[in-house]
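Presented below is the structure to which this report refers.
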Amino acid sequence: MNPLIPGFVLIFLAAAAGGMFAVPYKMQRTFQWENTWPVGFFFALIFIPLVVVSIFLPMWLSAVLAAGLATVMTAIAFGFLWGWGGVSFAVGITSIGLSLGYATTMGIATAIGSIIPMLRRWDVVPGDAKAVILIGIVTCILGVALSGRAGMLRERAAGLSAGTGLSARTFWIGLAWCVFSGFLSACANLGFDFAGRVADEAQRLGAGPLSASIGRWITVYWGGYSAMLIGSGYTMIKKGSWKNYFAPGAKRDFGLSIALGCFHFLAQIPYGMGAYFIGTLGTTVGWAVNIASSLLVANFFGFFIGEWKAAPKASIRTLCLGLAILIVAMVILAKGNSMVSR
């Protein structure tokens, strides 16, 4: 079997989970983001990964130690930056709205998270493949931007425009937070890419390549959860929103937070496995395809739950164009990847 088939299937599964990530968050009634993040990401980044590696990668700690301090600290540092990306994203969308904030963050994260891993392998990538993959990344960013534009048109028609009632200063500060988040959010993929030695050591100790890929996430997760815990904890203390844990409806929102964490975990582990199958540029092509696919899934669920029911035709046309461009981008990226030897 062509290894690209299981590779892209796993990445699409990860994208499906990623597209469903926001559903439990939208269903919450009591919790704010700073209440949800510590609970959801504890399960996503600490509890579930430790259970999984204990079962499928029992030598994970030995692999981490054998990888060396430099590798581990680099992965933790990227994870810490990624964690702050999640915090800054939540702060940004509070000011400018989800559609513009998501498009801004994901567009930048797609570019940074895809291009830097390719630059690390620049010498082994054929010139024609470089051109095709870069075109695919740019096309993906265009599709993300149009999807965000469609969301803005929908919100504006519903009287929920990001700029409504906001001063110019507040709007630009919110946008700056989302731009900042875009750069930091790419660090999840960069941390995974730089933690490759953990997987190499796990295989040396007898692990299979797929289970070894799980070990690459562990150190990234440590850094990520540390940042999220600091950011959300500070916000809860500042706003007094820690009281939401004891408010009516807290048990329901707590369960939804756990569901959010489970979706987040499933959005990353299959991606890492898929990146292995794709080959040399797994963390370049796979990252862009993963983001594009997650947007397709997220908007499918948006239609399913009625988010676009009353949207103007212009926003739906823009969304369909954006999603079509994302599909084209994935085809281009797949073609570019097929031009690179494994």
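Bear in mind that the values in this text are calculations on the coordinates, not laboratory data. Quick caveat, the model's predicted, so the values are computed rather than measured. Cβ: placed from backbone, ideal geometry, glycine included. Neighbour counts: every protein chain shown.
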- [ ] Subtract the Cα-Cα distance of Ile316 and Tyr245 from 0.36 nm times their separation in residues, and report this length gain in nm to one decimal.
- [x] 21.7 nm
TODO: Just tell me, in residue order, which DSSP H segments of the chain are both 18 angstrom or longer along the helix axis (alpha-carbon based) and at least 1.6 in mean Kyte-Doolittle hydropathy.
DONE: 4-19
Task: Bins of 10 Å from zero: percent of alpha-carbon pairs in the stretch 1-125 - done: 9, 27, 39, 21, 3, 0
- [ ] Give me the distance in nm between label points sitting 7 Å out from Cα along the Cα-to-Cβ direction at Thr170 and Glu307, one decimal.
- [x] 2.3
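Fewest first, what order do Phe303, Phe80 take by the number of other Cβ atoms within 10 Å?
Numbers: Phe303 13, Phe80 22.
Fewest to most other Cβ atoms nearby, the residues stand as Phe303, Phe80.
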- [ ] Compute log10 of I(q)/I(0) for the stretch 33-101 with the Debye formula, placing one identical point scatterer on every Cα and leaving out solvent, at q = 0.11 Å⁻¹, to two decimals.
- [x] -0.41
Task: Cα centroid separation, the stretch 227-246 to the stretch 204-219 (Å) - done: 34
Task: Residue order, fewest to most beta carbons within 10 Å, for Cys262, Cys140 - done: Cys262, Cys140
